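Derivation of every value follows stated rules applied to the coordinates shown; laboratory data play no part. Fair warning: this is a prediction, and the values are worked out from it, not measured in the lab. Cβ atoms come from the backbone with ideal geometry, glycine included; neighbour counts cover every protein chain shown.
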Amino acid sequence: AQERYVSIRDKAAVTLDGHKIDLVMNAGLMADLPSLESSGAEGVGLFRTELQFLVRNQMPRRSELVALYKRVLDAAQGKRVVFRTLDIGSDKVLPYMKPNDEPNPALGWRAIRVGLDKPGIMRMQLQALMRAAEGRPLTVMFPFVAQAEEFRAARNEVTKTLERERILGHALPESLEIGAMLETPSLAFAPQKFFDEVGFISIGGNDLKQFFFAADRENERVRKRYDSLNVSFLTFIEQIVERCSVSKTPLSFCGEDAGRPIEAVCLAAMGMRTLSMRPASIGPVKSLLMRVNLQDLRQVIFESRHRGDQSVRGAVMRYLRET
Ligand code: PEP
Ligand code: MG
């Protein structure tokens, strides 16, 4: 099936009305790296660092992490890689960490909450990333940021780690970008100042949708109940796009919906210009993007919303069939 997309692999994803959408990939294991070349991805928009921790039976040493991250950056050959710091807890439990007995793990002690409360692991990881980057640009993203203060505290850890590395005489990254994942609705309503100071934002649609609809992403029974093209959700996405555009904050979307062609073109129509997805989705998403006029599609979405549809899917499918 992938062969169908080989002819467009090296083409840019430009819509009929001239909008260029950056298509980047999600990764996490060394086995994903060859896809960077074969999929035509322009970079790695989400590197899930916890996967390396999850496939072991003991905590990896810093030197191992340095070697791993070096291999990732080498394979990327200068393409941007967004390293997400450890996103553990909830559905991702480290086999060598004492499990928490929490009644609602998805709402529990996870991701940046663990990172800030037990900064040892986070510091080691940041150090490893800096050492792996040495002289190259480094991009770090914090998962599950619910309020601006958490982002500031995490960024402060980065600054302190950088200073320590400098004192130790290690080569530093050439540049450093620090961003946040927007995957809890609260962050979308943070003071505008947060949007001014954050380096970039990536919407974690899987978690954002779960919390927006209060529907467990792990629970088959409720997961499919709420359409990603639900008008309320798209309106929420539209507001995030607007807030980011006011402060010119780079914005991307890295949940599974970015890799579904219909959802992807709708996200682009709502103003999203960078989509991060599994490598196999890049061909199909690009193929559809190249066949749509975003302005027209946006009009279709707005009219559907205006009519009072619950989801714009029907209207969008009709439009896509007719064009
Ligand atoms: C998300 O929540 O959309 C996301 C990209 O992160 P993960 O699926 O790893 O939670
Ligand atoms: Mg998430």
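Only residues that are surrounded by 21 or more Cβ atoms within 10 Å (Cβ to Cβ) and within 14 Å of residue 132 (Cβ to Cβ) were counted across segment 38-60, and they come to 3. For segment 7-37, the candidate set comprises residues that are free of Cβ contacts under 8 Å to residues at least 60 places away in the same chain and farther than 23 Å from residue 132 by Cβ; within that set, the residue that is nearest to the chain's Cα centre (by Cα) is 12.
Residues of segment 295-323 that are of a type in the set (A, V, I, L, M, F, W, C), touching a residue at least 40 places away in the same chain (Cβ under 8 Å), crowded, with 21+ Cβ neighbours inside 10 Å and part of a helix (DSSP H, G or I): 301, 316.
Here residue 111 clears all of (1) in contact with a helix residue (DSSP H, G or I) (Cβ under 6 Å, 6 or more places away or on another chain); (2) on the phi > 0 side of the Ramachandran plot except the condition numbered (1). Only one of the listed residues (81, 72, 114) is β-branched (Val, Ile, Thr), away from ligand 2 (no atom under 16 Å from the Cβ) and in contact with a Gly (Cβ under 7 Å, 6 or more places away or on another chain). That residue is 81.
At least 3 residues being among the charged types (D, E, K, R) is the threshold, and among the helices (runs of 4 or more DSSP H) wholly inside segment 162-270 those reaching it are 192-197, 220-223, 231-246. The set of residues in segment 274-287 that are buried (at least 18 other Cβ atoms within 10 Å of the Cβ) and either of a type in the set (Asp, Glu) or in a helix (DSSP H, G or I) (or both) comprises 279, 281, 282, 283, 284, 285, 286.
Of the residues in segment 218-236, at least one is hydroxyl-bearing (Ser, Thr, Tyr), within 16 Å of ligand 1 (Cβ to nearest atom) and free of Cβ contacts under 8 Å to residues at least 40 places away in the same chain. Within segment 138-153, residues that are farther than 10 Å from residue 180 by Cβ have Cβ atoms under 7 Å from residues that are among the acidic types (Asp, Glu) and more than 16 Å from ligand 1 (Cβ to nearest atom) in these pairs: 139/177, counting only partners at least 6 apart in sequence or on another chain.
Residues of segment 113-128 that are part of a helix (DSSP H, G or I) and surrounded by fewer than 16 Cβ atoms within 10 Å (Cβ to Cβ): 117, 120. Checked against (1) within 16 Å of ligand 2 (Cβ to nearest atom); (2) more than 28 Å from residue 317 (Cα to Cα), residue 198 passes all but a single condition, namely (1).
For segment 129-150, the candidate set comprises residues that are surrounded by 24 or more Cβ atoms within 10 Å (Cβ to Cβ) and in a helix (DSSP H, G or I); within that set, the residue that is nearest to the chain's Cα centre (by Cα) is 129.
Of all residues in segment 173-191, count the ones that are of a type in the set (Ser, Thr, Tyr) and over 15 Å from the mean Cα position of the chain (by Cα). Selection size over segment 173-191: 2. The condition (being out of contact with any Leu (no Cβ under 6 Å at 6 or more places or on another chain) and crowded, with 18+ Cβ neighbours inside 10 Å) is satisfied by just one residue among 63, 35, 7: 35.
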